[in-house]
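Student: The following block contains the structure, expressed as structure tokens.
The values are calculated or read from the model by the stated rules, or taken from the named source; none is laboratory data. Note that the coordinates shown come from a computational prediction; the quantities given were computed from them, not determined experimentally. Backbone-built Cβ (ideal geometry, glycine too); neighbour counts: all protein chains shown. Keep in mind that these areas ignore ligands, DNA and RNA; they rest on the heavy atoms of the full protein, side chains included. Shrake-Rupley method; radii C 1.70, N 1.55, O 1.52, S 1.80 Å.
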Amino acid sequence: MEVVLIFRQLSKKEERELSDLYYSRNVVDKHAGAPGSSELYHKEIKPALRVIVQQGIKLDLAFGTEELNSDFIKDSAKELVKEIRDLGDFELENRSISELLTIERMPLWHYQRFRVFFLLKNEWLINNCINHFAQLSECLTCYVPHNFQKHDYDYNNIRLVKPSYDSNSKITSQSIKYRTIINYSIFFTLRVILGLLNPVNMRGRRYAAIDRSIRQQCKDIRTLKEKNDNFNLYPLFDSQTKELLIISEVETPKFTSPDTFTLHKYYFSGEGRSDRTVYGESILFKGLISLSVYKNRSVYLQKYENAKLRIFQHFNTYQFLKDSSFTKRLRIIDTFFSLNKSTGFFIFKYLCYQKFFKKNKFNSVTAIDENSPATRAILDAARSKNIKIIGIQHGNIGDSQPAYMYSVKDAYNNVMTDQTIVWGEYWAKALVEKGNYRSDTIKIAGQMRSDVIPAMIQRAAAYRSAVSDREYIVLFASQPIRDEIYRYRMAFDIFSCFAKNDNVKLVLKLHPAEKGSVEYYKKIANEAGFVNPDIRYEYDLYELLAASDIVITAFSTVGSEAVYFGKTLIIYDPYKEDLLNYVKEKVAIQVTDLATLKTAVDHLTSGSLKANASAYSQFIRKYAYSIDGMATERTIEFIRQS
């Protein structure tokens, strides 16, 4: 058996060569299809060549291909997470790499491991697939990206094909977006001026919380009016807890990103909380003009360079032991140190906030996304001044991504937050069993943003009438799925299912990261024969959930929120992965294509199939504690007890 693996887009020439190879290896019966059809019917009598394609890659081939099994993707991701975690514990002269790269209270190894993971994720997948299929095939051809690096394995039957560029090819490079530079400069300057001219009264501020999130549509818990705010923490910010200081900071944009940094009024208004909000940009500005910050940064960078030298000296000494394990470790190390510029910025940021926390004492500092480097730099600066740091769960936790995955030694070295507040028992158990968190550092409070749900359920009829007067309302919660085939196929099948159903109002709610995708979905709707699709971006998700009868999504946490509202949930899952266990927990109907989607909708609208109320209750207890409107109060109490 001969195998071809495809992990990149092929050129037209490569597609022709692959077609020639396919038909030279396989005995194929080609004849006309059904009467009136111009398509050929291909029947493989004796397949001798398999063509396996990574999800999301589009090819113009006349023969069928296989999609790469999703288990390879999950297993490779888990392996890489473990490799990164174990390498942090790897000892050099009685000190682990993680310990060598801890400068003062900054565990820099953990600052960059998330970026290292995503930079190497595809490389790990490709190498694992090569290793697997090379043992099963007589000849293996693998089309790989230009920057692919092969791990050490000894097979004589492998041919790697990287893209070739002729003299007429245009290799695009990222250009600097000067509009972004101008807008961000205006933004930074205005925030600094506002911070200096309107200092916050710090008296009585015992706790601080970091606000770095992109604004999303949400509901004010007291008035149920729509507003743009921090979707995860706004109930805490609106709690009128006078002891709480908000540190507001906006992510520094990438000046080569195609998206232009846009100025918004709420960046400067304080969002009704200006009397207890400090702008992080003013803290950074004070660091920019501080001689001590520059001196300490120089010292810390030298310590960082010394650690880097010791690590590379070790790997250079043992190069004669080069094997697959050694190569993998070296790739992770090389990738980590390729991020030196951003590491230098995080050291600077740490020192700026260290000055702030030296002057302003708090009992604790709280944040979501507490494992990202931009947030960690602030939290570690607080910890260096003996302030407790608290993390609040904001997304799913699993062992196929590195955010919460630590080692026993990490726990011993107190790398994690002092306290982590999670949604439910399932997440607490995952942190202990998979992430090596100490159980006494975990508190269960529920999801603060769910506190608005009980009040919204009472007003469901009003929300429903504002959306449609049709018999059924179906909410399609889309996602920026990286697998382009999956993303397209899901949208096409959903639009096709409801294209001629006058009893159903279909509403597509775009994911926050899909702001520029309206035309993308309009095009698919047109191809599916769906006229005038209702596509909404700046519309409150919870209002749509309250109004709907059925919710359709892929593997989004919107599925969980649909359960919280008691709505019937359909998961479009063509690979039958059940990534978030909705089907396993008996709270979702799994569909794989247009036919199964139509069948599920028919059963639901006829009343022959209904949501499992008992399973819904168990799911909520397991994953969200309780939808009782009290999660914010529990969270505040845990913060006060810290």
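Student: LYS610: on the phi < 0 side of the Ramachandran plot, touching a Cys at 6+ places or on another chain (Cβ under 6 Å) and open to solvent by 70 Å² or more (accessible area, probe 1.4 Å), yes or no?
Tutor: On the way: on the phi < 0 side of the Ramachandran plot: yes; touching a Cys at 6+ places or on another chain (Cβ under 6 Å): no; open to solvent by 70 Å² or more (accessible area, probe 1.4 Å): yes.
For LYS610, the condition - on the phi < 0 side of the Ramachandran plot, touching a Cys at 6+ places or on another chain (Cβ under 6 Å) and open to solvent by 70 Å² or more (accessible area, probe 1.4 Å) - is not met.
Student: Would you check if ALA554 is more than 19 Å from TYR625 (Cα to Cα), of a type outside the set (Ser, Thr, Tyr) and touching an Asp or Glu at 6+ places or on another chain (Cβ under 9 Å)? Lay out the reasoning, then the answer.
Tutor: Numbers: more than 19 Å from TYR625 (Cα to Cα): yes; of a type outside the set (Ser, Thr, Tyr): yes; touching an Asp or Glu at 6+ places or on another chain (Cβ under 9 Å): yes.
Spelling it out, ALA554 is indeed more than 19 Å from TYR625 (Cα to Cα), of a type outside the set (Ser, Thr, Tyr) and touching an Asp or Glu at 6+ places or on another chain (Cβ under 9 Å).
Student: Moving to a separate point now. Would you confirm whether any residue within the range 438-448 is over 24 Å from GLY629 (Cα atoms), surrounded by fewer than 21 Cβ atoms within 10 Å (Cβ to Cβ) and acidic (Asp, Glu)?
Tutor: Looking through the range 438-448, at least one residue is over 24 Å from GLY629 (Cα atoms), surrounded by fewer than 21 Cβ atoms within 10 Å (Cβ to Cβ) and acidic (Asp, Glu).
Student: Also: Does the range 341-367 hold any residues that are open to solvent by 40 Å² or more (accessible area, probe 1.4 Å) and either under 30 Å from ASN386 (Cβ atoms) or modelled with pLDDT of 95 or more (or both), and which are they?
Tutor: Taking the range 341-367 as the starting set, the residues that turn out to be open to solvent by 40 Å² or more (accessible area, probe 1.4 Å) are 341, 345, 355, 358-359, 361, 363.
PHE345, LYS355, LYS358, LYS359, LYS361, ASN363, listed by residue number.
Student: Name the pairs: first residue in the range 290-316 and farther than 13 Å from ASN340 by Cα, second residue aromatic (Phe, Trp, Tyr) and surrounded by 15 or more Cβ atoms within 10 Å (Cβ to Cβ), Cβ to Cβ under 6 Å, at least 6 apart or on different chains?
Tutor: ARG297/PHE348
Student: Can you find even one residue in the range 388-397 that is open to solvent by 20 Å² or more (accessible area, probe 1.4 Å) and free of Cβ contacts under 8 Å to residues at least 40 places away in the same chain?
Tutor: no
Student: Sort out which residues of the range 535-556 are open to solvent by 30 Å² or more (accessible area, probe 1.4 Å) and either in a helix (DSSP H, G or I) or not basic (Lys, Arg) (or both), and write them in order of number.
Tutor: The first filter runs over the range 535-556 and keeps only residues open to solvent by 30 Å² or more (accessible area, probe 1.4 Å), leaving 535-539, 549, 555.
Once the filter is applied, which keeps residues that are open to solvent by 30 Å² or more (accessible area, probe 1.4 Å) and either in a helix (DSSP H, G or I) or not basic (Lys, Arg) (or both), the range 535-556 yields ILE535, TYR537, GLU538, TYR539, ASP549, PHE555.
Student: Next question. Checking the conditions here, which among GLU305, GLU251, GLU281 is of a type in the set (Asp, Glu), out of contact with any Gly (no Cβ under 9 Å at 6 or more places or on another chain) and assigned to a helix (DSSP H, G or I)? Walk me through it before giving the result.
Tutor: Working: GLU251 fails: assigned to a helix (DSSP H, G or I); GLU281 fails: out of contact with any Gly (no Cβ under 9 Å at 6 or more places or on another chain).
None of the other options fit; the residue is GLU305.
Student: If you check every pair at least six apart or on different chains, which have Cβ atoms under 9 Å apart with a residue in the range 137-152 that is under 18 Å from LYS58 (Cα atoms) and open to solvent by 10 Å² or more (accessible area, probe 1.4 Å) first and a residue that is outside any strand (DSSP E or B) and of a type in the set (Asp, Glu) second?
Tutor: Once the first residue is under 18 Å from LYS58 (Cα atoms) and open to solvent by 10 Å² or more (accessible area, probe 1.4 Å) and sits in the range 137-152, its partners that are outside any strand (DSSP E or B) and of a type in the set (Asp, Glu) give TYR143/GLU14; PRO145/GLU123.
Student: Under the condition of being of a type in the set (S, T, N, Q) and surrounded by 13 or more Cβ atoms within 10 Å (Cβ to Cβ), which residue from the range 267-289 is nearest to ASN340 (Cα to Cα)? Before you say what the answer is, go through the steps one by one.
Tutor: Start the filter on the range 267-289 by keeping residues that are of a type in the set (S, T, N, Q), which leaves 269, 274, 277, 282.
Right, trim to surrounded by 13 or more Cβ atoms within 10 Å (Cβ to Cβ) and you get 274, 277, 282.
Numbers: SER274: 36, THR277: 32, SER282: 25 Å.
That would be SER282.
Student: Which of the residues that make up the range 581-592 are touching a strand residue (DSSP E or B) at 6+ places or on another chain (Cβ under 9 Å), open to solvent by 40 Å² or more (accessible area, probe 1.4 Å) and either at pLDDT below 95 or assigned to a loop (DSSP other than H, G, I, E, B) (or both)?
Tutor: Scanning the range 581-592 gives a single hit, VAL583.
Student: Restricting attention to the range 468-510, which residues are modelled with pLDDT under 95 and among the aliphatic types (A, V, I, L, M)?
Tutor: If the condition is that a residue be modelled with pLDDT under 95 and among the aliphatic types (A, V, I, L, M), then ILE481, ILE485 are the ones that fit.
Student: For the range 399-438, enumerate the residues that are assigned to a loop (DSSP other than H, G, I, E, B) and without any contact (Cβ under 8 Å) to a residue 24 or more places away in the chain. Break it down into steps so the answer makes sense when it comes.
Tutor: Going residue by residue through the range 399-438, those that are assigned to a loop (DSSP other than H, G, I, E, B) are 399-407, 413-418, 423-424, 434-438.
ASN414 - this is the single residue of the range 399-438 that is assigned to a loop (DSSP other than H, G, I, E, B) and without any contact (Cβ under 8 Å) to a residue 24 or more places away in the chain.
Student: So which of ASN526, ASN532 ends up being closer than 15 Å to TYR488 by Cα and either open to solvent by 40 Å² or more (accessible area, probe 1.4 Å) or not in a loop (DSSP other than H, G, I, E, B) (or both)? If you could, list the steps in order and put the result at the bottom.
Tutor: Details: ASN532 fails: closer than 15 Å to TYR488 by Cα.
Exactly one residue qualifies, and that residue is ASN526.
Student: If I filter the range 322-330 for residues that are open to solvent by less than 20 Å² (accessible area, probe 1.4 Å) and in contact with a helix residue (DSSP H, G or I) (Cβ under 7 Å, 6 or more places away or on another chain), do I get at least one hit?
Tutor: No, the range 322-330 contains no residue that is open to solvent by less than 20 Å² (accessible area, probe 1.4 Å) and in contact with a helix residue (DSSP H, G or I) (Cβ under 7 Å, 6 or more places away or on another chain).
Student: Looking at the range 3-23 only, could you name the residues that are touching a residue at least 40 places away in the same chain (Cβ under 8 Å) and acidic (Asp, Glu)?
Tutor: Matches in the range 3-23: GLU14, GLU15.
Student: For LEU510, only one of the following conditions fails: (1) open to solvent by less than 20 Å² (accessible area, probe 1.4 Å); (2) of a type outside the set (Val, Ile, Thr); (3) within 26 Å of SER608 (Cβ to Cβ). What is its number?
Tutor: In the conditions (1) open to solvent by less than 20 Å² (accessible area, probe 1.4 Å); (2) of a type outside the set (Val, Ile, Thr); (3) within 26 Å of SER608 (Cβ to Cβ), LEU510 misses (3) alone.
Student: Condition check: farther than 16 Å from ASN396 by Cβ, open to solvent by less than 50 Å² (accessible area, probe 1.4 Å) and without any contact (Cβ under 8 Å) to a residue 24 or more places away in the chain. Does GLY629 satisfy that? Spell out how you get there, then give the answer.
Tutor: Details: farther than 16 Å from ASN396 by Cβ: yes; open to solvent by less than 50 Å² (accessible area, probe 1.4 Å): yes; without any contact (Cβ under 8 Å) to a residue 24 or more places away in the chain: no.
No, not satisfied.
Student: Determine whether ILE210 is surrounded by 15 or more Cβ atoms within 10 Å (Cβ to Cβ) and part of a loop (DSSP other than H, G, I, E, B).
Tutor: Against the criterion (surrounded by 15 or more Cβ atoms within 10 Å (Cβ to Cβ) and part of a loop (DSSP other than H, G, I, E, B)), ILE210 does not qualify.
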